[in-house]
Each structure stands twice: as C-alpha cells, then as structure tokens.
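Before any comments, here is the structure.
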Amino acid sequence: MNTPATNRDATWTIGRLLQWTTEHLAKKGADSPRLDAEVLLAKARGCTRVDLYTAFEEVADAELRASFRELVRRRLAGTPVAYLVGQREFYSLSFEVTPAVLIPRPETEHVVLRLLELANPDSTGPAPRVLDLGTGSGVLAVCAAKYLPKAEVVAVDCSREALEVAQRNVERHQVEDCVRLIQSDWFESLQEEPPFDFIVSNPPYVSEQEFAELPVDVREHEPAVALVSDEDGLGATRRIIDASPAHLKPGGWLILETSPMLADRVAERFRQSECFDREEIGRDLGRRQRVVSGRRA
C-alpha cells in the first residue's frame, strides 16, 4: 500500500491526510470511506472527530502518520472500524466492543424503542423485571437500566469473554446496581429466577447459507455464534419463543429482533403457541419488518 509516509512531514496536514485516505479507501471499495478515515484518524490522534475539523492545517508528525497508517492497513484487511477503535455508539450511548461481541447495529435500537413503549418509563407502577438473552456487549441491558427507572435487569450470555465486555459497559454507564450478569446458554441457568415482565433478545438469525455470503469484515471478524443460527436462521428464535412462557409473567412481553425475511415466520411461531395471545411486527427506519413481539397469555 502506497502511503503518505514517504513524503516530508510538513506536506501532510490533518486535512490532506483525510482527503488522501478517503480517496484511497474509496478506490478499495469501502462503503463509507470518509467516515472511516475520520474515525481512524481521530483514534490515532487521540481526539474526537469534531476536533479534526479545527485541525485541518495542523501538520501530522511521523508518529501520528505511522499509527494512522497501521489502522488503515488493518481496515483494508477487513477489520471492522468498531473493533479498531474499540467502541460503538448505540442509542446515544458509547459502548466498548471487542471481537468477543457482535458490533451493535442501529436496527437493534428498535428493540429498545419497543421495550420503552411497552414498559412506559413514566409509569408509577412496580419496577419491571427485564431479561436480556444473549447480551453480548450489554447494549440492551444497559439501555433498559438507563431508561427504565428502578428496573431490575438480568443479562445472560453463554460466552465468558462477552460477559466481561458487558460488565465493563455496565460499569461505564454506572448501572451496576440494577444489572446482573449471568453466564448461561439461554434459559439454562435461570430456573430459580422469578418470572420477568419483559424478555428482550437479538438472537442469531443468519442461516448457514447466508453466513457464507456476508461481507468479509462481518464473516471473518465478528463472532459467528452471535450471528448464525442453523439452516433456516430460526433455530435460536424458535427455542426462545418456546421456552419464554415459563419465564414470563402473565401479560409479559417477549421482544425479538429478526431478519425482515423471517419476521412473518417468527410472528407465526407466536401464533402457534397457546401461551401467547397477541403478536406484533414492528418496522425499522427503512420500513423493513424488524422486531416481533408477543404477549404472554
């Protein structure tokens, strides 16, 4: 990779580095070359993206250029930007992410929106109990604790490494008093837990065939266990729907993220169960069916 490292220090200002790298990433097929360049340069410089805009004329020294060049090299090799900078914004909060956890997507924010709609944060009723299945980095659990006053949140994941990331995010957002993390394969370690008012989850819903067709930065860098279910993508979802009634209070809600292609089948699974008396499909900002929720009879 031909880089600006061979040019004189005075030649390479922050502004010129951004311009050159944006063009280089675009030529290599990056989906968001300018954003990637800004985020990576801010990481290398130890500042925010906004700070870059007041430093366009600042000369980038050799150390900064070398650090930035290494980040760009790793990005071009397929490493997701979120893993390179170690964090991702979700629902206006910043979360640590590592290769042990799935990178939070904007689509998952609609699970939070549905939870808040049903739980009503302004309610003066009893504090709700919320279960987050497959918590990963802990984004759903933390958001539930932050935006539902006095909520009691239990978050589970089968991965010890993921729970370590989630614990750091719980501490980052100062919700240790209301979020409890448990290592569990879905409901396996929850047999002694009282029933919940809400269960939320972004389970794996990528089929084995679809996984082979995912972009390389997802397929080779994000944890497959958090992405892939089985042949049709519904294995984990079916397991959760079938087991949830035993862990939900009457009138409680199960809220699931899914693929737009699977939403109707997920809703049908709710209808097939005698334990749910209502199901709803919510859409994301692109008007795609994304969140399916069912109420315990």
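The values are calculated or read from the model by the stated rules, or taken from the named source; none is laboratory data. The structure displayed is predicted, hence computed values, not measured ones. Positions of Cβ are backbone-derived with ideal geometry, glycine not excepted, and every protein chain shown enters the neighbour counts.
Brief remarks on what is shown
- Of all residues in segment 179-192, those that are within 20 Å of residue 160 (Cα to Cα) and not in a strand (DSSP E or B) total 8.
- The set of residues in segment 43-83 that are closer than 14 Å to residue 15 by Cα and free of Cβ contacts under 8 Å to residues at least 24 places away in the same chain comprises 49, 50, 51, 53, 54, 64.
- If you go through segment 241-257 and pick out every residue that is surrounded by 21 or more Cβ atoms within 10 Å (Cβ to Cβ) and within 12 Å of residue 270 (Cα to Cα), you end up with 6.
Each row is one residue, and each column tells you yes or no for (1) in the same structural domain as residue 234 (by TED's automatic domain parsing); (2) touching a strand residue (DSSP E or B) at 6+ places or on another chain (Cβ under 6 Å); (3) in contact (Cβ under 8 Å) with a residue 40 or more places away in the chain; (4) surrounded by fewer than 19 Cβ atoms within 10 Å (Cβ to Cβ).
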site: 133; (1), (2), (3), (4): yes, yes, yes, no
site: 136; (1), (2), (3), (4): yes, no, yes, no
site: 175; (1), (2), (3), (4): yes, no, no, no
site: 185; (1), (2), (3), (4): yes, no, no, yes
site: 188; (1), (2), (3), (4): yes, no, no, yes
site: 203; (1), (2), (3), (4): yes, no, yes, no
site: 216; (1), (2), (3), (4): yes, no, yes, yes
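- Scanning segment 88-101 turns up one or more residues that are surrounded by 15 or more Cβ atoms within 10 Å (Cβ to Cβ), closer than 27 Å to residue 290 by Cα and among the polar types (S, T, N, Q).
- Residue pairs meeting the criteria (Cβ under 6 Å; at least 6 apart or on separate chains; first more than 14 Å from residue 249 (Cα to Cα), in segment 270-282; second among the hydroxyl-bearing types (Ser, Thr, Tyr) and crowded, with 17+ Cβ neighbours inside 10 Å): 280/293
- Taken over segment 247-269, residues that are within 22 Å of residue 193 (Cβ to Cβ) and in contact with a Leu (Cβ under 8 Å, 6 or more places away or on another chain) amount to 5.
- Residue within segment 143-150 that is buried (at least 20 other Cβ atoms within 10 Å of the Cβ), in contact with an Asp or Glu (Cβ under 6 Å, 6 or more places away or on another chain) and in the same structural domain as residue 246 (by TED's automatic domain parsing) present: no
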